[in-house]
1. If you take the Cα atoms of the chain, find Rg, then find the Kirkwood Rh from the mean of 1/r over all pairs, what is Rg/Rh?
2. Would you list which lysines come within 26 Å of K858, measuring only between C-alpha atoms, while excluding same-chain residues fewer than 8 positions from it?
3. With the full set of protein chains in place, find how many percent of the accessible area of segment 473-546 is carbon and sulfur; take the probe as 1.4 Å.
4. What whole-number distance in Å separates the alpha-carbon centres of segment 802-855 and segment 461-496?
5. Please identify every one of the GluC sites (Glu not before Pro) in segment 253-287 that sits in a loop by DSSP and has no more than 13 other beta carbons within 10 Å of its own beta carbon.
6. Net charge near Q193: determine it from the other residues with C-beta under 14 Å of the C-beta of Q193, scoring Lys and Arg +1 and Asp and Glu -1.
7. Looking at segment 733-878 only, what percent of DSSP beta bridges run antiparallel? Nearest 5 please.
8. Excluding residues fewer than 8 places away in the same chain, name every one of the lysines whose C-alpha is closer than 18 Å to that of K535.
Amino acid sequence: MSKSTTYNAQEVEEKWYSYWMKNNYFHSTPDEREPYTIVIPPPNVTGILHMGHMLNNTIQDVLIRRARLQGKNACWVPGTDHASIATEAKVVARLKEQGIDKNDLTREEFLKHAWDWTNEYGGVILEQLKKLGCSCDWDRTKFTLDDDMSEAVIKTFVDLHKKGLIYRGYRMVNWDPEAKTTLSDEEVEHVEQNGKLYHITYKIEGSDETLTVATTRPETILGDTAICINPNDPRFTHLKGKKAIVPICNRVIPIIEDEYVDLEFGTGCLKVTPAHDMNDKALGDKHNLEVIDIFNEDATLNSFGMHYEGKDRFVVRDEIAAELKALGCLPKVENHLNKVGVSERTKAVIEPRLSDQWFLKMDEMVKPALDAVLKNGDIKLYPKKIENTYRHWLENIRDWNVSRQLWWGQQIPAYYYGDAKEDFVVAATKEEALKLAQEKTGNNSLTPSDLRQDNDALDTWFSSWLWPISVFDGIRNPENEDFKYYYPTNDLVTGPDIIFFWVARMIFAGYEFKNEKPFENVYFTGIVRDQQGRKMSKSLGNSPDALKLIEDYSADAVRAGMMLLSSGAGNDLLFDESKLQQGKAFSNKIVNAYRLISGWEVSDSITQPESSKIALQWFDNKFQAAFAEMDDHFSKYRLSDALMTTYKLIWDDFCSWLLEMVKPGYQLPIDITTFNAVIEAFENSLKVLHPYMPFITEELWHQIADRSETEALIVNSYPDQKDVDTTILKDFEIAAEVISGIRTIRKDKNISFKDTIELKVLNNENTAARFDSVIAKMGNVSELEYVTEKVSGALSFRVNSNEYFIPMNGAVDVEAEIKKLTEELNYTQGFLKSVQKKLSNERFVNNAPEQVIISERKKEADALAKIETLQESLQGLQ
């Protein structure tokens with residue numbers, strides 16, 4: 001690359017991604033090497049790339065590219081999730097725009113529309129991941145509704161039902177009235193909302209007495225079937241055995257007694273609505289209460305809502321409050337802050353609803369998953385603190401509601417042949433179901449037309465909990481070569497928000513179906529937030545266009561920037577575009593470093609200078625120390641720290657020090673020995689940077705030399721690890737301080753770098769003499785001499801206990817320098833006096849915080865040291 005060539009990131013990225021794809025570098029097949037496997041957290045099939053994806057997939061690609069360079073058989077399986085709720089909602093909305101109501105379509109007709117939508121918009125995100133440089137094995141791309149994947153899901157359901165772990169139950173479930181489906185507990189978010197607490201009076205039958213209840217949901221009084229009091233509450237002894245009358249509907253309901261009622265909460269009287277509250281349902285079952293459901297599936301009121309039938313629950317809330325007030329039944333309304341369950345997908349307020357649903361028993365399934373993480377350490381979570389969250393959920397888990405009132409997804413393989421609740425069989429196909437139904441009923445005249453398949457679909461997570469197994473066909477064909485080679489996988493990288501939805505359930509599945517962990521390590525990323533700490537979202541308009549960022553800064557810069565933003569596993573990160581700018585500046589630094597190197601004239605007829613020889617020995621050891629540090633960071637999943645180590649190695653040690661130490665004089669050639677060693681050092685630096693910034697490293701790798709397909713950087717090998725000579729590193733630190741001291745004096749005294757200087761060294765301890773040739777070159781020192789006593793008429797500085805003198809030789813106005821140093825000495829002595837006055841004040845020392853005292857003592861020590869140096873400098877000039 002000539003010095004005039006500009007680096008066009010877009011061209012470079014397209015060129016090398018095409019090259020990698022053409023040469024099939026991402027593809028993996030089982031062989032004799034150690035496998036390294038990652039399965040992608042499958043994004044929604046119709047999703048688009050956002051900042052969370054950028055962070056998550058950069059981390060995965062860093063891990064997979066590093067594994068390749070380590071010589072492992074790296075396999076990163078990509079794919080997408082059918083996202084039943086989100087996708088079905090989008091398809092329904094599109095149909096609505098076309099004037100089509102889903103309810104007017106058959107299941108088959110609707111699914112055709114859903115597949116059309118998926119084929120039109122699906123997979124875009126996978127193409128976008130390619131722009132980021134993700135090196136997935138695209139030949140292995142899976143979709144959770146692929147035929148083989150669906151077959152695995154259905155087989156799993158059937159097997160679990162045979163084991164008695166899946167059952168059908170009439171339970172209170174979380175109902176999403178917008179998506180019109182049930183949700184699992186994990187799909188419900190609990191958010192604080194400002195609402196109201198309504199105090200409603202109920203008349204006591206046959207008297208003028210009343211009682212008062214407090215509720216946040218006055219509309220549900222139309223479903224009340226009891227009032228409950230605590231039997232130990234003396235305030236309501238007179239109500240025992242009586243009945244109350246529900247306002248508006250005038251239903252007469254019993255007053256029951258139960259210690260469940262909190263004596264301290266509210267009015268002490270509790271309205272019981274078994275159809276619309278989990279706890280009320282438990283009370284209803286216990287006391288054999290009537291259950292009256294007042295809502296339709298879209299949360300409008302049904303016929304039990306009387307004159308409010310057909311109106312939305314929140315509209316009715318206001319209207320019924322007005323009616324109660326008019327009836328004199330609403331003595332008080334208070335503002336009230338309470339937690340409300342909302343759908344994680346649609347954000348609709350959840351409605352507790354009684355329904356026949358399919359459930360998976362969890363009590364036994366969680367045990368090996370708890371042991372794997374918390375007892376025997378088979379699976380490690382990063383950060384470790386997330387184990388507490390994991391433990392709490394698993395120890396308080398409830399059975400998993402796996403059925404959804406949707407069509408987009410795997411249809412539940414249950415077939416009904418009669419009207420009774422138990423008149424069903426579970427089978428993978430209708431043919432198998434018919435045989436089972438005939439056997440169960442003893443009726444061989446049953447035909448396929450007598451069977452009606454359950455209309456519900458399975459929860460999307462019931463597909464994705466099998467992901468690490470099913471992508472290798474481990475459910476259907478457990479003895480296949482791929483599954484035996486790649487499973488269990490190595491690392492999982494995901495967000496903390498799906499630890500229960502997905503991570504824990506994959507662990508359940510691993511032990512339930514294979515008696516083995518699905519992965520060894522789980523790295524939880526933080527959540528990407530804006531500068532105000534808000535989660536990024538379309539509605540807030542605070543989420544940058546991921547592809548635009550790649551276009552503006554380059555994929556390498558975005559990858560590096562996102563990693564520099566990250567402060568470790570599990571920690572949220574505040575997005576800051578300046579970090580992407582830093583990544584871009586780093587790219588420019590590397591390109592410019594190679595431009596400098598490639599612009600040198602190389603000679604094979606000159607010998608290697610001593611300064612270059614020692615400089616290269618130092619960098620070789622510095623590289624090895626940094627390489628070991630990177631390895632340590634990776635072992636602890638501190639990927640950002642590993643990048644920072646790489647960044648400093650290249651920016652500081654290679655560019656700022658090594659190249660300066662070895663570069664030839666103006667218009668002079670460099671010796672070939674040094675040049676070749678610098679190229680090797682640069683190549684090694686590109687290797688360790690490649691997982692983070694794959695495009696620029698591959699580009700420069702091929703500019704250094706013509707490489708064959710088998711020599712591409714992506715499939716090359718990491719450098720060998722060697723022992724580190726720590727003494728040369730310590731010696732260099734001293735030499736660097738000496739060079740810095742010389743540069744400071746040159747700058748302060750306006751001594752041009754073109755002018756040579758002499759350097760005298762009063763040696764009181766190790767001076768790192770092996771770097772003298774480097775000091776001489778970097779400081780433009782004409783003569784470096786060791787002396788046994790201080791040098792008069794010279795400027796001086798200290799490094800540790802060594803003193804360094806630069807004789808003036810007329811380069812500095814001595815009188816002016818004496819005047820300047822005297823003024824600085826007088827000021828510092830005055831400052832010292834004020835500090836010592838404070839420290840001699842017993843009251844101050846006894847009452848001031850310890851940190852303040854430590855700070856003042858440090859000021860005193862610094863001032864004393866500075867005074868000593870100034871006095872010595874003055875003495876040297878006089």
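The values are calculated or read from the model by the stated rules, or taken from the named source; none is laboratory data. The structure displayed is predicted, hence computed values, not measured ones. Please note: Cβ atoms are built from the backbone with ideal geometry, for glycine as well, and neighbour counts cover all protein chains shown. When the accessible area is computed, the model is the full protein with side chains, heavy atoms only, and any ligands, DNA or RNA have been set aside. Shrake-Rupley method; radii C 1.70, N 1.55, O 1.52, S 1.80 Å.
1. Using only Cα positions, Rg/Rh for the chain is 1.11.
2. Leaving aside lysines fewer than 8 places away in the same chain, those within reach of K858 are K730, K820, K833, K837, K838, K866.
3. Solvent-exposed carbon and sulfur of segment 473-546 make up 43 percent of the total.
4. Cα centroid to Cα centroid, the span is 68 Å.
5. E259, E264
6. It works out to a net charge of +3.
7. Details: 9 of 15 bridges.
If I count the DSSP bridges inside segment 733-878, around 60 percent turn out antiparallel.
8. Here the lysines satisfying the reach criterion relative to K535 are K347.
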